[in-house]
Amino acid sequence: AVHLRSLQTCFVLGTLLRELGSYSEASEMTERGLQGRLAILGLEHPETLESLLEQGLLKRAQGQHEDAYRLHFQVWKSNKESLGPHHLKTLLAQQQLATSLKLLGKYDEALPQLWGVYRALSSLLSPSHPLLLTASHDLASLLLAQGALDEAEPMLRKNLELRMSVLGASHPATLTTRQTLAAALRAGGKHLEAVGLQRATLKAREEVLGPMHPESLESFGSLVALLTMLGEHDDAEEHQRHLHTALEDSLGPNHPLTLQAMNNLATLLRSLGRNEEAKLLLQKVLEVRSEIFGTTHPSTLSSMSNLGTLLWSMAELKEAEQILRVAFSGRESSLGSWHPQTLSSASSLGSLLWVKGNLKEAEYFTKMAAEGRKAIFGCNHSQTLASACNYAGILRSQGRLQEAETLQQEVAQDLTNVMGATHPHTLTAFGALALILQEKGDHLAARDLFRQVLEGRRFIFGSVHPDSLISLNNLGVAELQAGETAQAVAHLREAVSGLEEVLGHGHLQTLKAQEAFANALEATHCLEEALELRKVVLEYRIKLFGASHEESRIAARLLARLEQRVSRKPGMAVADEAPPMTESIGDTPLHRLATKGRQTLLPECCTSRQNVSAGTTFEVGHATIKSPPVGASDFHFELEKACSGSGAASTSRSRSRSASTPTPTGMAPMGLGVGGLDLEPAAAATTTTTTTNFVLRRYEEREPEEGDEVFEI
């Protein structure tokens, strides 16, 4: 017969082995003690329930959250019936039950349980009692998971202060609070403080628990992920792969921490432009999480969201939309419409639909995210303001530039007040405002704002961080539009060089910068260099998207047009044809007018009719089209053409079916459709240069029709 003292030894040893991270040995000891107590004492005995509680903790550490929940529920129910709801053992079991609910993503069920435990323990124990501090930490952790940073951060700071005073700076419980506080600081955008605290936590955990302890590896993974987010990519891949291997060896390939490490590695590879490798990893994580946790578990839905976002960046928009819709529906069903993760899915889906040109649905999901975040987090929370920023972008895409500018200015100012002028979110908001100003034709104001964003990002991230290089590219584009050609070319060249080195030649952001630089080179008649750059862009576009993708077709047409310019016969004026309009990185492609099989009034690189900014000039043979400021509803063009004498201006209508319709000099009917652009003639000038004003009254997609007249760009 097994003595009860031996079973107690098994229990204590199993607990110690769990805390040391030796889960396999701990499982053996805990199971031996549990089975012995069941045989001798029965299921309802307090010592048996103690073993069941410990086994639940072990299951949780091994990532088996459903099993942990069932065990903790059984212990809580038995203690409640035998000891009463306010007994200390009942409250401790309720606390573990609530934590299991949180890990299962059932936040709404977990929160009242934890609040109840915290209030009950507060009436029984002193403020510095370790058990009350554990309840305080668990409650703050849940509030953090729900996005309630304003409540979670001060609670964690107070918890850390008390645990350091009572338990000491190196106690595992104290280090747990430091780890959670670092996560809260990161979520709140306090990255520098988060890095410092995360480094200290990692160092202490490695000293106390050893470098291969699961909690040490957790801290290491969090630090590497944080540094990667800040652009410190040196040795990041090596560290992430080492971490993943270590966790796989110690915890197994299917443990939540191992899967999280794999997810973080995929995130890093994506940031380096290695999308195919990242895709394989994310697909593996999604497959394993679906098998272990089910398709509605928060971790599984997060994997869906991550994979959908990656596919979006790889231009696999159809697949991305399908996955993001499933993630949204799953989160809405399991977590509720107003859960932070559901709202995050709504925001992502809205942004994708915005890119695809589905503005009606995009506005719906973006509004849902904005209103939900405002209700949960308040008006000045970073996520609320991020949603407002997205909504301003949709207004910009709809041509409602004044509304977009007003809203974006409010968002930028609120972020400045809440998070500071140099916070990354604040800088992103000002960058979005600069895009709106750029689109309105206020190139000098846009240039100054892009310069401000660049200085802020360089201060935070350094000059070689991708965000800094993207800002440098945007500044170069604005300088080019402002006529500062030499400065623009220098900045665009530097941005391309940096992005090629940091992200690689095939990264989407690098390709956008290369396209902008090629446009600048064409503007300065450096055609040979521009030609080589466009060849590189086309090569990688085809690798990324395939030859039939719209992005590849546009790149091919731009290259073909440039080759025609380079191969012109001597004596022909190169300046008769303007370079394509330069587009800032981050300007969301909404609805490309340059489509296969038809010519349009706007240049092929223009993403939407709203993207034509004031002062932009398009040359068509010997005629020039200029666009004055864009209004809220009408889209205006001036058409200038060379003529002799002071005769009345001719008028033209792009969809005219009449053979007698006058055709401006240098513009011949091409026999192709113009995509439904209705141009109505307005006032005419009578000077040595005849001017005809056109107003774009309506835009619609349609196939070419016989007799259409086309102004080829």
Under 7 Å between Cβ atoms, at least 6 apart or on separate chains: pull out the pairs that start in the stretch 220-245 with a residue that is modelled with pLDDT of 80 or more and end on any residue that is among the aromatic types (Phe, Trp, Tyr) and assigned to a helix (DSSP H, G or I). Leu243/Phe220
Out of the helices (runs of 4 or more DSSP H) lying entirely within the stretch 449-560, which hold 2 or more residues that are more than 26 Å from Gln409 (Cα to Cα)? 485-502, 508-523, 527-545
Any chance the stretch 34-45 includes a residue that's in contact (Cβ under 8 Å) with a residue 24 or more places away in the chain, under 30 Å from Gly210 (Cα atoms), surrounded by 19 or more Cβ atoms within 10 Å (Cβ to Cβ) and touching a helix residue (DSSP H, G or I) at 6+ places or on another chain (Cβ under 9 Å)? no
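Looking at Leu499, Leu508, which one is hydrophobic (A, V, I, L, M, F, W, C) and at pLDDT below 90?
Values: Leu499 fails: at pLDDT below 90.
When all the criteria are applied, what remains is Leu508.
Collect the residues in the stretch 420-438 that are of a type outside the set (Gly, Ala, Ser) and either part of a helix (DSSP H, G or I) or open to solvent by less than 20 Å² (accessible area, probe 1.4 Å) (or both), keeping them in residue-number order. Break it down stepwise before answering.
First, the residues of the stretch 420-438 that are of a type outside the set (Gly, Ala, Ser): 422-428, 430, 433, 435-438.
Hits for the stretch 420-438 are His423, Pro424, His425, Thr426, Leu427, Thr428, Phe430, Leu433, Leu435, Ile436, Leu437, Gln438.
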Scan the stretch 561-582 and give yes if some residue there is within 27 Å of Leu469 (Cα to Cα), outside any loop (DSSP other than H, G, I, E, B) and either of a type in the set (Ser, Thr, Tyr) or at pLDDT 50 or above (or both), otherwise no. yes
Look through the stretch 1-16, keep the residues that are among the β-branched types (Val, Ile, Thr) and farther than 22 Å from Ser216 by Cβ, and return whichever of them is modelled with the lowest pLDDT. Val2
Hey, among the residues in the stretch 105-115 that are open to solvent by less than 50 Å² (accessible area, probe 1.4 Å) and in contact (Cβ under 8 Å) with a residue 24 or more places away in the chain, which one's nearest to Ala93 (Cα to Cα)? Leu114
Of all residues in the stretch 451-485, which are among the basic types (Lys, Arg) and crowded, with 24+ Cβ neighbours inside 10 Å? Arg457
Failed criterion for Pro130 (all others in (1) open to solvent by 40 Å² or more (accessible area, probe 1.4 Å); (2) within 28 Å of His339 (Cβ to Cβ) hold): (2)
So, of the residues in the stretch 17-33 that are open to solvent by less than 60 Å² (accessible area, probe 1.4 Å) and either assigned to a helix (DSSP H, G or I) or in contact with a strand residue (DSSP E or B) (Cβ under 7 Å, 6 or more places away or on another chain) (or both), which turns out to be modelled with the lowest pLDDT? Tyr23
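What residue, of Ala513, Ala488, is closer than 21 Å to Ser313 by Cα, surrounded by 21 or more Cβ atoms within 10 Å (Cβ to Cβ) and among the small types (Gly, Ala, Ser)? If you could, list the steps in order and put the result at the bottom.
Working: Ala488 fails: closer than 21 Å to Ser313 by Cα.
None of the others qualify; the one that does is Ala513.
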Against the definition (under 16 Å from Glu218 (Cα atoms) and part of a helix (DSSP H, G or I)), how does Glu248 come out, yes or no? yes
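Could you pull out the residue among Gly14, Gly63 that is under 23 Å from Thr176 (Cβ atoms) and assigned to a loop (DSSP other than H, G, I, E, B)?
Details: Gly14 fails: assigned to a loop (DSSP other than H, G, I, E, B).
After ruling out the rest, the residue left standing is Gly63.
On the basis of being polar (S, T, N, Q) and more than 24 Å from Ser27 (Cβ to Cβ), does Thr90 make the cut? So that I can check it myself, show each step before the final result.
Values: polar (S, T, N, Q): yes; more than 24 Å from Ser27 (Cβ to Cβ): yes.
Spelling it out, Thr90 is indeed polar (S, T, N, Q) and more than 24 Å from Ser27 (Cβ to Cβ).
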From the residues in the stretch 56-102 that are under 34 Å from the mean Cα position of the chain (by Cα) and among the acidic types (Asp, Glu), which one is least open to solvent (accessible area, probe 1.4 Å)? Asp67
Condition first: open to solvent by less than 60 Å² (accessible area, probe 1.4 Å) and among the polar types (S, T, N, Q). Can you find one or more residues in the stretch 277-287 that meet it? no
Given (1) part of a helix (DSSP H, G or I); (2) open to solvent by 50 Å² or more (accessible area, probe 1.4 Å); (3) within 26 Å of Leu20 (Cα to Cα), identify the lone condition not met by Arg270. (3)
Condition first: open to solvent by less than 40 Å² (accessible area, probe 1.4 Å), farther than 30 Å from Gly294 by Cβ and in contact with a helix residue (DSSP H, G or I) (Cβ under 6 Å, 6 or more places away or on another chain). Can you find one or more residues in the stretch 240-250 that meet it? no
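The values are calculated or read from the model by the stated rules, or taken from the named source; none is laboratory data. Just so you know, these numbers come straight off a predicted model, no measurement behind them. Note that we place each Cβ from the backbone using ideal geometry, even for glycine, and neighbour counts take in every protein chain shown. Keep in mind that these areas ignore ligands, DNA and RNA; they rest on the heavy atoms of the full protein, side chains included. Shrake-Rupley method; radii C 1.70, N 1.55, O 1.52, S 1.80 Å.
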